[in-house]
Amino acid sequence: MRFPSKLSSVILALSAVFILLSTCAADPLSTFVIVIDPAHGGADGGTQYENKTFEKDITLAVALFLQKEINRKKGFQALLTRSGDATLPVERRIKYANSQHADMLISIHVNSGFSDQSSGFEFYVPTHQETSSKRDDLTDKMSNESIRFAHLILTEFDRILPRKGRGLREAPLMIFNGLSVPAVVAEIGFISYPADRNILLNQQFKKSIAEAVVNALITYHR
Ligand SMILES: [Zn+2]
């Protein structure tokens with residue numbers, strides 16, 4: 001049977017639209033964007049040891065390595081709040097993550113203890129109380145997603161890095177203030193603890209951190 005020519009052109013046009021829509025469905029909008037924040041920088045050295053080992057340098061080195069490893073994974077894109085030794089106020093970091101409509105922010109820090117016995121890693125997520133002044137579905141979701149990711153990252157750190165896990169903590173940190181992106185602050189070790197200090201800039205340590213974060217991201221995004 002032959003279609004009248006007008007009908008066949010309508011069918012042709014509809015098929016073209018359908019093909020176009022199917023192509024659009026696989027667009028890069030599904031890319032998971034993660035902003036990595038190497039804390040401190042420039043004039044703000046962060047915590048330090050004997051005025052020669054600075055938190056800002058460790059966080060940057062780890063962040064650069066992490067970005068490279070994440071970007072090798074299909075479907076993930078890692079951005080940095082800073083890629084050099086620049087002074088960058090926390091507000092600018094928050095603004096950047098919000099403006100990129102990131103799916104997650106990880107802020108990397110190095111700890112320092114009052115005693116030289118404190119060691120290991122710990123993670124911080126936004127507190128529910130902190131967002132209560134303008135509490136709504138969005139802030140609740142942000143908080144819950146931060147906690148969900150933090151549990152995954154903690155599990156991976158416990159598995160991959162045989163060190164003392166200090167757990168998950170809630171705190172009203174500055175980086176969470178006004179942030180509309182789920183976020184985790186990772187304190188990756190104590191500069192004041194000799195064994196931690198020795199591995200903080202070690203290549204294998206950076207690899208292990210990257211592996212732990214990438215695994216957590218893949219599970220989170222599944
Ligand atoms: Zn810090």
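Assorted remarks:
- Checked against the criterion of being in a loop (DSSP other than H, G, I, E, B) and aliphatic (A, V, I, L, M), the candidates LEU154, LEU217, LEU179, LEU168 yield just one match: LEU179.
- Cβ-Cβ distances below 7 Å connect the following pairs, each with a first residue in region 84-113 that is acidic (Asp, Glu), a second residue that is more than 13 Å from the ligand (Cβ to nearest atom) and assigned to a loop (DSSP other than H, G, I, E, B), and a separation of six or more residues or different chains: ASP85/GLY42.
- Residue within region 109-124 that is over 21 Å from ILE191 (Cβ atoms) and of a type in the set (A, V, I, L, M) present: no
- Qualifying residue in region 107-129 (condition: part of a helix (DSSP H, G or I) and either within 16 Å of the ligand (Cβ to nearest atom) or modelled with pLDDT under 90 (or both)): yes
- Within region 81-104, the set of residues being of a type outside the set (Val, Ile, Thr) and surrounded by fewer than 18 Cβ atoms within 10 Å (Cβ to Cβ) comprises SER83, GLY84, ASP85, ALA86, PRO89, GLU91, ARG92, LYS95, ASN98, SER99, GLN100, HIS101.
- Meets criteria (on the phi < 0 side of the Ramachandran plot and within 15 Å of the ligand (Cβ to nearest atom)) for VAL90: yes
- Filter result for ALA78 (in a loop (DSSP other than H, G, I, E, B), modelled with pLDDT of 95 or more, more than 16 Å from the ligand (Cβ to nearest atom) and crowded, with 20+ Cβ neighbours inside 10 Å): no
The values are calculated or read from the model by the stated rules, or taken from the named source; none is laboratory data. Treat the numbers as computed from the prediction; the structure is a model and nothing was measured. A quick note on method: Cβ atoms are made from the backbone with ideal geometry, for glycine too, and the neighbour counts reach across all protein chains shown.
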